[in-house]
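Colleague: The following block contains the structure, expressed as structure tokens.
The values are calculated or read from the model by the stated rules, or taken from the named source; none is laboratory data. What you see is a predicted model, and the numbers here were worked out from it, not measured in a lab. Every residue, glycine as well, gets a Cβ built from its backbone with ideal geometry; the counts of neighbours run over all protein chains shown. For accessibility, only protein heavy atoms count, side chains too; no ligands or nucleic acids. Shrake-Rupley method; radii C 1.70, N 1.55, O 1.52, S 1.80 Å.
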Amino acid sequence: MGSSVQVKLILFIVGLYCFHGYCYGVEVEVNQTSTLFVNASQASSRAMPETLFGIFFEEINHAGSGGTWAELVSNRGFEAGGQNTPFNIDPWSIIGDQSSLIVSTENSSCFEKNKIALRMDVQCGSEGSDDCPDGGVGIYNPGFWGMNIEKGKSYKVVLYIRSLQSVNVSVSLTDSSGLNELATANIITNDVCNWTKTEVILIPKETNHTSRLQLTTTNPGVIWFDQVSVMPMDTYKGHGFRSQLVEMLIDLKPKFFRFPGGCFVEGLVLRNAFRWKETIGPWEERPGHYGDVWKYWTDDGIGYFEFLQLAEDIGALPVWVFNSGISHQEQVPTANIHPFVQDALDGIEFARGESNSTWGSIRAKMGHPKPFDLKYVAIGNEDCKLKYYHENYLQFYDAIKLAYPDIQIISNCDGSPNEPLDHPADLYDFHIYTHASKLFDINWFDKTPRNGPKVFVSEYAVRGEDAGQGSLLAALGEAGFLVGIEKNSDIVSMVSYAPLFVNTNDRSWMPDAIVFNSFEQYGTPSYWMQHFFIESSGAALLNSTLQTNLKSLVTSAIAWNNDGSSFLRIKVVNIGSNPVNLTISIEGLEENSISLSSTGSIRTELTSGDRMDENSFLEPRKVIPVRSAIDEVDKNMVLTISPFSFTSLDLAIKKLEDQSN
């Protein structure tokens, strides 16, 4: 076979491989040198939206229940099995055997919305029976795959108790076997014939990450328990959130916070949809519900109020997604949609109403008299193709705009060039999950009409083999996508990654941005990738041109300010397997007033030895951004860009008169 034929065959094979989305791994490039021209003049720049980059929280993967919400007891009200009795009280378990006690559920609680209570009939120690064992008999709760109990910290235990006799109940935090006691207190009382709320503070003598709560006694008789809670007392701002996880959100400096879903909003059936009115008020009175899409019970300790509070705590604008009268399997006809519309209006009033309004007064009683800054609402989630969505949507839209003209309303429907919206909206929702090379394409919104509603990319991520449980390759594909978002930020107003959290014991969906268990957490490369875009919201997008024959390279340039200092940031994503020599040429800086300075200029790089590298609990910082000072800064520079890397250059801008000081 001749050499020319061999070359043609090789190129044909490479072309086929690239067709399937893997060209970034086998590129055959003659020229690995590229040039980036940046015009840094203010006249050629364009301001990007202040709200451009944010986060999306969905109750999936135990993100809230057993995660961000710090409650340690799982199924605290014994309602997880539903309202029928008797029922399984999982994950509560019995300490003892049937000869010493009988445990059951019954409809005897003092709480109208959650009537199930647990009855514990202690038979040991009574006349004619054996004495109870020294440790007592009772029940225990392991929490969400083990409670994280730390030495010296304070934990508030709250429970409701009733008995016709005097009681002596030991409340203990122990290791997973129940044999090693970490902290204990006794509830001794003669007057609990009516339901009585009891609180104790436990301070453990040692740390155990897989602990459990025990309620035990050695006295015969019948005791009822309900609404049992264990909360650490060092939650973020005292608002009930797990501090370490919230701090990871704050580090992203999100401009908005979309909640509570996602499919969690809809439910497989409407009875299991998220209903905001059932999630407010005292936690003991919230009925909770089964999230049938992601297959677990939530007590709704993190409810509508808490989501609004969390948005405020992290400095982000809340974006409330509410049900449009549609679940995965059911639809409310438009003729019957009015109660759902009124429910949405009530929810907006709860967030925004004055403290003397009907629903605003309830918010005020919960400790927040000042209205929340709710400016965005989304009508449903991924419902556009369904029969009643359009007509239902219009009922919501008209009612909300009449009552709250300033509210920005988000439609589920794709307003792309192929499917322009046939109804009014301020923004439309766009979701994309795909492989790395496809998402890497920076041209997603180049042809989107500029005269219609803005785009809200509320869910994006690389999934499948490219992603694993959170790979560098996935992060690079997403980075290329976000560079394209920056360049199209005249039409794209908001963008957020999904999902945000995953508890390693419930990986219903992966990859995710933040991984955690009961006591530790880490960010995936996709989490760290988002840090490169923190300063983009509200920054100036600079006019830049990349001259290259590489399909694996994308760039952008912005100007941004921080505490009085100004920077020019150049971002370079190389999803190819070879290093690239990149020449950067910067023009447009006024020669007599502004220059670049090495002092304060930083290079940040996200890369690793293998494109499929991931972070883990054993190596939580294997793939993280690495910062280094730039020794020499000039308007013309040549840099080597590593293979499979995301690089940013923050070039400090100084006025010439400042340089003489």
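Colleague: With no solvent and one point per C-alpha, what does the Debye sum give as log10 I(q)/I(0) for the range 173-310 at q = 0.13, 0.16, 0.17, 0.18 Å⁻¹?
Modeller: -0.83, -1.13, -1.20, -1.25
Colleague: Report in % the part of the accessible area of the range 307-385 that belongs to carbon and sulfur, leaving out ligands and nucleic acids; probe 1.4 Å.
Modeller: That share works out to 50 percent.
Colleague: Using only the Cα atoms of the range 495-623, each taken as one equal point scatterer with no solvent, compute I(q) by the Debye sum, divide by I(0), and report log10 of the ratio at q = 0.11, 0.17, 0.18, 0.19 Å⁻¹.
Modeller: -0.55, -1.09, -1.16, -1.23
Colleague: Here's something else I'd like to know. Based on the alpha carbon coordinates of the range 377-482, what radius of gyration and maximum Cα-Cα distance (Dmax) apply, in Å?
Modeller: 16.0, 47
Colleague: Can you give me the accessible area per residue for the range 458-513, using a 1.4 Å probe, in Å²?
Modeller: On a per-residue basis, the range 458-513 sits at 18 Å².
Colleague: Between 0 and 90 degrees, rounded to the nearest ten: what's the tilt of helix 338-352 against the longest Cα principal axis of the chain?
Modeller: The angle comes out at about 80 degrees.
Colleague: So if I restrict to the alpha-carbon atoms in the range 29-70, what is the Rg, and what is Dmax, the biggest pairwise distance, in Å?
Modeller: 21.4, 55
Colleague: Please report the base-10 log of the normalised intensity I(q)/I(0) for the range 29-171, using a Debye sum with one equal scatterer per alpha carbon and no solvent, at each q in 0.19, 0.22 (1/Å).
Modeller: Once normalised to I(0) and log-transformed, intensities are -1.31, -1.50.
Colleague: Let me ask another. Do you know the relative contact order of the range 266-366, to the nearest whole percent, from alpha carbon pairs under 8 angstrom that are 6+ apart?
Modeller: 24
Colleague: In nm, what is the difference between 0.36 nm times the number of residues separating Gln244 and Asn581 and their Cα-Cα distance?
Modeller: 117.4 nm
Colleague: Residue by residue through the range 545-558, what is 3J(HN,Hα) from phi via Karplus (6.51 cos²θ - 1.76 cosθ + 1.60, θ = phi - 60°)? Round to whole Hz and write x for glycine and proline.
Modeller: After applying 6.51 cos²θ - 1.76 cosθ + 1.60, I find 9, 9, 9, 7, 10, 9, 7, 9, 10, 9, 9, 8, 9, 9 Hz.
Colleague: Also, quick follow-up: Provide the solvent-accessible area of Lys375, counting protein heavy atoms only and rolling a 1.4 Å probe, rounded to the nearest 10 Å².
Modeller: Surface open to solvent at Lys375 totals about 80 Å².
Colleague: Moving to a separate point now. Calculate how steeply helix 389-403 sits against the longest principal axis of the alpha-carbon atoms of the chain, using the helix alpha-carbon long axis, and give the answer as 0 to 90 degrees to the nearest 10.
Modeller: 90
Colleague: While we're here: Suppose the chain between Glu106 and Ala43 were pulled fully straight at 0.36 nm per residue; how much longer would it get relative to their current alpha carbon spacing?
Modeller: Taking 0.36 nm per residue and subtracting the Cα distance, the gain is 15.5 nm.
Colleague: Calculate, for Glu419 and Leu386, the FRET efficiency according to 1/(1 + (r/R0)^6) with r their C-beta to C-beta distance and R0 22 Å; round to the nearest 0.05.
Modeller: The computed FRET efficiency comes out at 0.90.
Colleague: If R0 is 41 Å, what FRET efficiency do you get for Asn186 and Ala335 from their C-beta distance, rounded to 0.05?
Modeller: Calculated transfer efficiency: 0.10.
Colleague: I need the calculated FRET efficiency for the pair Met233 and Leu402, taking r as the beta carbon distance and R₀ as 35 Å, to the nearest 0.05.
Modeller: Calculated value: 0.20.
Colleague: Right, next: Full-extension gain between His431 and Lys205, please, as 0.36 nm times their residue separation minus the C-alpha to C-alpha distance.
Modeller: Working it through step by step, the gained length comes to 76.5 nm.
Colleague: Probe radius 1.4 Å, ligands and nucleic acids left out: which of Phe257, Phe519 has the largest accessible area, and how do the rest follow?
Modeller: Sorted descending by solvent-accessible area, the residues read Phe519, Phe257.
Colleague: Further question: Would you calculate the separation in nanometres between label points at Glu285 and Ser508, each defined as 7 Å from the Cα along the Cα-to-beta-carbon direction?
Modeller: Roughly 2.8 nm, to one decimal.
Colleague: Say each of Asp563 and Asn543 gets a label point 7 Å from the Cα, pointing the same way as Cα to Cβ; how far apart are those two points in nm?
Modeller: About 3.4 nm, to one decimal.
Colleague: At 1.567 mPa s and 4 °C, plugging the Kirkwood radius over alpha-carbon pairs of the chain into Stokes-Einstein gives what diffusion coefficient in µm²/s?
Modeller: The calculation lands on 47 µm²/s.
Colleague: Any idea of the accessible area per residue across the range 285-376, 1.4 Å probe, to the nearest Å²?
Modeller: 38
Colleague: In percent, what relative contact order does the range 502-657 have, based on Cα pairs under 8 Å that are 6 or more apart in sequence?
Modeller: Result for the range 502-657 is 28 percent.
Colleague: Arrange the peptides 530-541, 185-196, 66-77, 610-621 so that the one whose residues have, on average, the most other Cβ atoms within 10 Å appears first.
Modeller: Top of the packing list down: 66-77, 530-541, 610-621, 185-196.
Colleague: Between helix 304-313 and the chain, what is the angle of the helix's C-alpha long axis to the longest principal axis, kept within 0 to 90° and rounded to the nearest 10?
Modeller: Result, in degrees: 50.
Colleague: Which of the residue pairs Lys387/Lys438; Lys153/Lys205; Lys255/Lys375 have a Cα-Cα distance greater than 20 Å in the structure shown?
Modeller: Lys387/Lys438
Colleague: Restricting to Cα pairs below 8 Å that are 6+ residues apart, what does the relative contact order work out to for the chain? Please round to a whole percent.
Modeller: 16
Colleague: Skip the ligands, DNA and RNA, and give the accessible area per residue of the range 567-632 with a 1.4 Å probe, whole Å².
Modeller: Spelled out: the 1.4 Å probe surface of the range 567-632, per residue, equals 49 Å².
Colleague: Could you please put His328, His423 in sequence from largest to smallest accessible area, using a 1.4 Å probe?
Modeller: These residues rank, largest area first, as His328, His423.
Colleague: Using only the alpha carbons of the range 223-295, determine the length spanned along each of the three principal axes and report them from longest to shortest in whole angstroms.
Modeller: Over the range 223-295, Cα extents along the principal axes are 38, 37, 22 Å.
Colleague: Report, to the nearest whole %, how much of the accessible area of the range 509-643 belongs to carbon and sulfur atoms, 1.4 Å probe, protein only.
Modeller: Within the range 509-643, the accessible surface is 46 percent carbon and sulfur.
Colleague: For the range 592-652, take the convex hull of the Cα atoms, compute a quarter of its surface area, and give me that in nm², please.
Modeller: About 5.2 nm², averaged over all directions.
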